[in-house]
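Down below is the structure, laid out as structure tokens.
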Amino acid sequence: MIHTDVLIIGSGVAALQLAKKLSYDSNVIVLTKSYVRQGNSNLAQGGIAAALADEDHPTNHYKDTIEAGRFTNNHELVKEMTNDAPDLIRELLREGCNLDRNDNGELFLGLEGAHSHHRIVHGGGDATGQKVMDFLVEKTKHIQIIEHMTVIDLLISDDKCIGVKAKNTEGEVKSFFANHIVLATGGLGGLYSFTSNENTVTGDGIALAYRAGAEVCDMEFIQFHPTLLFVNGQCKGLVSEAVRGAGASLVIRDGTRIMKGIHPMEDLAPRHIVSQTIYDHLQTGKQVYLDIRRIVEFQKKFPTITAMCHENHIDISHGMIPVVPGCHFLMGGVKTDHFGRTSINGLYAIGEVAYTGMHGANRLASNSLLEGLFFGKRLAEYIHSKKEEGVRIQGFPLPMARNSTNERLILPDIEMVQRKMMNDAGIVRNGRQLKRHLAWLESFRIQKLLTCSLDDKTEQEIQVIFMLITAWLVTQSALLREESRGGHYRADFPYEEESWLTKKVILKQQSTQGEYYEQIKAAYAT
Ligand SMILES: Cc1cc2nc3c(=O)[nH]c(=O)nc-3n(C[C@H](O)[C@H](O)[C@H](O)COP(=O)(O)OP(=O)(O)OC[C@H]3O[C@@H](n4cnc5c(N)ncnc54)[C@H](O)[C@@H]3O)c2cc1C
């Protein structure tokens, strides 16, 4: 049995920022499913948003964030984050993070969709995530980071989270106990067959939290990135929004620009509008391309995208990159307050796994690395303040036991879940499809999956169980929200409804104890 002050699950930007900030005076252990860098943070291309230009101001960044979020954001939090953003960037630079500058030593500030000003700080051209991760991995190398350790359950005692169970690659189950347990497991792109996400990112943290009885919020708000490289029927990676920021436009084969007349910002319109427009063309059998012919020195500006195209035999000298929209970012997640505390004592969530209200119904581009940096720092300050107050677990309480079952579970394969999510709970949804999909998910006995012990299940079974639970939460939430807003588009309720502006879809198990459980399905007014 291992005991530490703070246990962090996941090793992306949110996790490592927190670990870096705490490591000076706390014992921290990081558990991560695969290699330390194998998450979405390492893949981030475009950059980090911060109002650093003379002609810009955090208020503009705040307004753009709220507009993209369709006004459902937590306004106070957005104000705080956009105000702190310039300082977070200055701190990265001061501590040695390598971000791109011009010959005068000034930061390059790029432009991305739905930003009113040039404010995207980047590193290595389009390798920002890699640069930030290089920096954070270096700064946390004195911390115990245990790779290939998949967390399979949260340990709850007297309504407090006291630790986790995790499995290594040999299938051994280990218990870890801590005063503070932090979920930083990222989003859920792996639930969909078309996604920009790393394959370790499959909604585990949300399933873990929900099984433990935590509240999850607004799981229907999922951003589908408009432009994933599409080759031979498969997504091969992300073609950043910065490419459109630099002058590329979306066209069909005959060169017609598809965003003309759709939105005043045309190719730089908010992502859900661009994704839906591309999707509509695909539905009529038309392939959509990014026309990059107007971008001078494309290869120099976008080396990662150039390499990805070469690897996939797309000749960019023709100036046309075939693209499709795919699952990119989860705005909903485990509900937290403005420190990162969940509804379960001792359990926190930061980064993409968390619903903080920062992004509202849709995330503004380049605000998520920023959110990870912001909440990593903020939660560190909170945990630090608790340490000063001297809060500690007394002894080792006994965690709640799970029902072990010898029954063989009948589960679908991963690809089947992904395909069905893409078709039935994807970019365009409708009530009939969602109900049918919910029934399909429930045929795998979600109730049982929520309460059973996972100790004796294989890695693959655990993966599918987590995916089914998270898919169920997305589908249920999408069915409950009878309007279209941001990343949630219902063909049967195609408009924003005033009455939904102040509501959230919060799902929670009423009881995780004993033989029974009950779902609360509710849309609470805020
Ligand atoms: C291709 C791409 C490009 C992007 N570009 C940008 C950009 O330019 N700017 C921007 O702001 N955002 C961008 N984003 C979004 C941004 O990268 C992510 O939102 C952010 O990095 C999430 O960070 P995180 O720390 O929450 O999680 P992640 O970096 O996703 O890390 C999650 C970690 O949790 C681990 N994990 C998961 N489940 C378990 C488990 N059961 N047990 C143990 N460990 C587990 C994973 O292995 C991983 O280490 C991009 C995303 C993608 C996919």
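The values are calculated or read from the model by the stated rules, or taken from the named source; none is laboratory data. Because the structure is a prediction, the values reported are computed rather than measured. Positions of Cβ are generated from backbone atoms using ideal geometry, with glycine treated the same way; all protein chains shown enter the neighbour counts.
Give the stretch 242-251 a look and list any residue that's assigned to a strand (DSSP E or B) and either over 27 Å from Arg490 (Cα atoms) or hydroxyl-bearing (Ser, Thr, Tyr) (or both), or say none.
Selection gives Ser249 alone.
For the stretch 53-70, state whether one or more residues are at pLDDT 95 or above, more than 15 Å from the ligand (Cβ to nearest atom), part of a helix (DSSP H, G or I) and among the β-branched types (Val, Ile, Thr).
yes
In a helix (DSSP H, G or I) and either closer than 15 Å to Ala349 by Cα or touching a Cys at 6+ places or on another chain (Cβ under 9 Å) (or both) - does that describe any residue in the stretch 219-241?
First, pick out the residues of the stretch 219-241 that are in a helix (DSSP H, G or I): 241.
From what's left, either closer than 15 Å to Ala349 by Cα or touching a Cys at 6+ places or on another chain (Cβ under 9 Å) (or both): none.
No, every residue in the stretch 219-241 fails to be in a helix (DSSP H, G or I) and either closer than 15 Å to Ala349 by Cα or touching a Cys at 6+ places or on another chain (Cβ under 9 Å) (or both).
So which residues in the stretch 71-88 are hydroxyl-bearing (Ser, Thr, Tyr) and either part of a helix (DSSP H, G or I) or surrounded by fewer than 20 Cβ atoms within 10 Å (Cβ to Cβ) (or both), if there are any at all?
Thr82 - this is the single residue of the stretch 71-88 that is hydroxyl-bearing (Ser, Thr, Tyr) and either part of a helix (DSSP H, G or I) or surrounded by fewer than 20 Cβ atoms within 10 Å (Cβ to Cβ) (or both).
From the residues in the stretch 264-322 that are within 23 Å of the chain's Cα centre (by Cα) and under 18 Å from Lys236 (Cα atoms), which one is surrounded by the most Cβ atoms within 10 Å (Cβ to Cβ)?
Only one residue fits best here, namely Ile305.
Among Ala14, Ala19, which is in a helix (DSSP H, G or I) and either under 23 Å from Gly189 (Cα atoms) or out of contact with any Ser or Thr (no Cβ under 7 Å at 6 or more places or on another chain) (or both)? Reasoning before the result, please.
Working: Ala19 fails: either under 23 Å from Gly189 (Cα atoms) or out of contact with any Ser or Thr (no Cβ under 7 Å at 6 or more places or on another chain) (or both).
Criteria check complete, one pass: Ala14.
For Glu80, all conditions in the list (1) more than 21 Å from Gly124 (Cα to Cα); (2) more than 22 Å from the chain's Cα centre (by Cα); (3) not small (Gly, Ala, Ser) hold save one; what is the number of the exception?
Failed condition: (2).
Can you name the condition, by its number, that Ala44 falls short on among (1) closer than 26 Å to Met331 by Cβ; (2) surrounded by fewer than 16 Cβ atoms within 10 Å (Cβ to Cβ); (3) modelled with pLDDT under 95?
That leaves (2) as the condition not met.
Just checking, does the stretch 100-114 include any residue being small (Gly, Ala, Ser), surrounded by fewer than 17 Cβ atoms within 10 Å (Cβ to Cβ) and in contact (Cβ under 8 Å) with a residue 24 or more places away in the chain?
Within the stretch 100-114, not a single residue is small (Gly, Ala, Ser), surrounded by fewer than 17 Cβ atoms within 10 Å (Cβ to Cβ) and in contact (Cβ under 8 Å) with a residue 24 or more places away in the chain.
Could you grab me the full set of residues in the stretch 332-376 that are within 12 Å of the ligand (Cβ to nearest atom), in contact with a Gly (Cβ under 6 Å, 6 or more places away or on another chain) and assigned to a loop (DSSP other than H, G, I, E, B)?
Hits for the stretch 332-376 are Ile350, His359, Ala365, Ser366.
At least 1 residues that are of a type in the set (Phe, Trp, Tyr) in each: list the helices (runs of 4 or more DSSP H) lying fully within the stretch 411-513 that qualify.
Ranges flagged: 431-442, 459-480.
Could you please find all residues in the stretch 193-210 being surrounded by 24 or more Cβ atoms within 10 Å (Cβ to Cβ) and more than 12 Å from the ligand (Cβ to nearest atom)?
Matches in the stretch 193-210: Tyr210 only.
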